[in-house]
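Just below is one structure, and these are the notes that go with it.
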Amino acid sequence: MDVQWSGQAGGERNEQLEEARKIRRLQMMISMVMSVIGQDPDLTVEEASEMVANARRAALSMFPDKELAFDILYRPRLQRLMNERFRLQ
């Protein structure tokens with residue numbers, strides 16, 4: 001009986017570790033996208049928009065059905081950066 005319990009606990013622990021890895025990967029990806037948008041002097045607004053769309057697509061492939069979370073957490077930051085960088089309104 002203890003073997004089953006520890007097996008389940010180990011499986012849950014692996015799922016938690018995998019979730020934490022995916023979250024960290026997403027945070028790093030968004031950070032890199034924001035750095036490029038903010039610092040690349042040759043980047044066009046179209047290229048930046050494409051980077052944002054690709055980041056969103058990648059985030060949703062890692063976390064399906066979490067569009068609302070992305071839109072709440074990352075979209076405002078990315079939009080604010082795009083507005084500041086390209087003087088959009």
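Residues that are on the phi < 0 side of the Ramachandran plot, touching a Leu at 6+ places or on another chain (Cβ under 8 Å), outside any helix (DSSP H, G or I) and surrounded by fewer than 15 Cβ atoms within 10 Å (Cβ to Cβ) are absent from segment 39-58 altogether. Within segment 63-89, residues that are within 19 Å of residue 36 (Cα to Cα) and in contact (Cβ under 8 Å) with a residue 24 or more places away in the chain sit with their Cβ atoms under 9 Å from residues that are surrounded by fewer than 13 Cβ atoms within 10 Å (Cβ to Cβ) and of a type in the set (Ser, Thr, Tyr), at 6+ positions apart or across chains, in these pairs: 86/44. Annotation: of all residues in segment 59-89 being among the polar types (S, T, N, Q) and in a helix (DSSP H, G or I), the one that is surrounded by the fewest Cβ atoms within 10 Å (Cβ to Cβ) is 61.
Take residue 9 and decide whether it is loosely packed, with under 11 Cβ neighbours inside 10 Å, modelled with pLDDT of 95 or more and assigned to a helix (DSSP H, G or I).
Working: loosely packed, with under 11 Cβ neighbours inside 10 Å: yes; modelled with pLDDT of 95 or more: no; assigned to a helix (DSSP H, G or I): yes.
It is false that residue 9 is loosely packed, with under 11 Cβ neighbours inside 10 Å, modelled with pLDDT of 95 or more and assigned to a helix (DSSP H, G or I).
The values are calculated or read from the model by the stated rules, or taken from the named source; none is laboratory data. What you see is a predicted model, and the numbers here were worked out from it, not measured in a lab. Reconstructed Cβ throughout: ideal geometry from the backbone, glycine too, with neighbour counts over all protein chains shown.
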